[in-house]
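S.K.: Submitted below is the structure of interest, expressed as structure tokens.
The values are calculated or read from the model by the stated rules, or taken from the named source; none is laboratory data. Bear in mind the structure is a predicted one, so any value in this text is a computation, not a measurement. Here the Cβ positions follow ideal geometry from the backbone for every residue, glycine too, while neighbour counts run over all protein chains shown. These accessible areas exclude ligands, DNA and RNA; they are computed on the full protein's heavy atoms, side chains included. Shrake-Rupley method; radii C 1.70, N 1.55, O 1.52, S 1.80 Å.
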Amino acid sequence: EAGVVQSPRYKIIEKKQPVAFWCNPISGHNTLYWYRQNLGQGPELLIRYENEEAVDDSQLPKDRFSAERLKGVDSTLKIQPAELGDSAVYLCASSSTINSPLHFGNGTRLTVT
Amino acid sequence: QKEVEQNSGPLSVPEGAIASLNCTYSDRGSQSFFWYRQYSGKSPELIMFIYSNGDKEDGRFTAQLNKASQYVSLLIRDSQPSDSATYLCAVNSNSGYALNFGKGTSLLVTP
């Protein structure tokens with residue numbers, strides 16, 4: 001079974017620039033998550049999708065962050081414009097149901113200079 | 001904000017000893033409990049999950065859950081240097097909510 005695939009693995013951008021992250025979940029997993037993890041902290045949920053519907057985006061900074069999951073499979077997370085404080089690892093995860101274990105991708109390490 | 005609390009460590013144990021990692025949570029309605037291991041620079045990987053009070057064993061790992069005390073722990077028997085990592089406790093408060101993670105406990109197993 002292929003795991004959760006994320007790209008890119010690393011991204012370095014200057015502040016105020018846009019950036020986008022892509023995620024392909026495990027086949028058949030209807031629930032997709034975007035988490036952000038700062039150094040020394042646990043992952044923090046940004047948004048959760050059930051199929052193509054965003055069912056929990058209360059922690060997503062909507063002034064600069066956006067996400068989509070067209071057709072209920074792949075997902076894209078975008079930041080525009082990026083700020084220095086956005087430097088973190090962005091993790092995508094998927095699960096078969098909301099109560100099932102999460103499987104994480106390798107993450108995208110974002111550095112904003 | 002529903003809290004998941006872990007001691008950040010580092011917890012240092014000698015090779016072959018038992019490592020005990022602890023986690024408390026604030027939401028009494030929590031139903032699902034997970035332990036993830038995260039090596040430096042890597043993403044979290046699932047170690048164990050537990051849904052019912054009591055112990056659940058898988059190889060060298062044992063998860064213990066006490067819902068009355070709002071406490072979940074992970075025991076690692078015969079600790080190996082390769083077990084050195086950060087261990088994240090995650091709690092699913094109610095059906096319909098995503099996992100809430102603790103900050104993690106850093107474990108160091110010394111040869």
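S.K.: Of the residues A:Tyr10, A:Tyr49, which single one is within 14 Å of chain B (Cβ to nearest Cβ), touching a residue at least 60 places away in the same chain (Cβ under 8 Å) and over 10 Å from the mean Cα position of the chain (by Cα)?
M.R.: On the way: A:Tyr49 fails: touching a residue at least 60 places away in the same chain (Cβ under 8 Å).
Among A:Tyr10, A:Tyr49, only A:Tyr10 is within 14 Å of chain B (Cβ to nearest Cβ), touching a residue at least 60 places away in the same chain (Cβ under 8 Å) and over 10 Å from the mean Cα position of the chain (by Cα).
S.K.: Can you tell me which residue is farthest from A:Arg36 (Cα to Cα) among those in segment A:54-91 that are out of contact with any Leu (no Cβ under 9 Å at 6 or more places or on another chain) and within 13 Å of chain B (Cβ to nearest Cβ)?
M.R.: A:Val55
S.K.: Now for a separate question. Any idea which residue in segment B:32-68 is surrounded by the most Cβ atoms within 10 Å (Cβ to Cβ), counting only those that are in contact (Cβ under 8 Å) with a residue 40 or more places away in the chain and more than 20 Å from A:Ser95 (Cα to Cα)? Before the answer, list the steps.
M.R.: Step one: filter segment B:32-68 for residues in contact (Cβ under 8 Å) with a residue 40 or more places away in the chain, giving B:32-40, B:44, B:47.
Subset that is more than 20 Å from A:Ser95 (Cα to Cα): B:39-40.
On the way: B:Tyr39: 12, B:Ser40: 8.
Across segment B:32-68, the extreme among qualifying residues is B:Tyr39.
S.K.: Quick check on segment A:55-84: of everything there that is in contact (Cβ under 8 Å) with a residue 12 or more places away in the chain and small (Gly, Ala, Ser), which residue is most open to solvent (accessible area, probe 1.4 Å)? Spell out the reasoning first.
M.R.: Of the residues in segment A:55-84, the ones in contact (Cβ under 8 Å) with a residue 12 or more places away in the chain are A:59-60, A:64-67, A:69-84.
Within this subset, residues satisfying the condition of being small (Gly, Ala, Ser) are A:66-67, A:72, A:75, A:82.
Details: A:Ser66: 56, A:Ala67: 32, A:Gly72: 14, A:Ser75: 1, A:Ala82: 2 Å².
Across segment A:55-84, the extreme among qualifying residues is A:Ser66.
S.K.: Looking at segment A:93-109, can you tell me whether even one residue there is at pLDDT 95 or above, under 22 Å from B:Glu45 (Cβ atoms), outside any helix (DSSP H, G or I) and more than 12 Å from every other protein chain (Cβ to nearest Cβ)?
M.R.: no
S.K.: Hey, another quick one. Condition first: of a type outside the set (Asp, Glu) and closer than 16 Å to A:Glu44 by Cα. Now tell me which residues in segment B:1-24 satisfy that. Full working, then the answer.
M.R.: We begin by selecting, within segment B:1-24, every residue of a type outside the set (Asp, Glu); these are B:1-2, B:4, B:6-14, B:16-24.
Result: B:Gln1, B:Lys2, B:Val4, B:Gln6.
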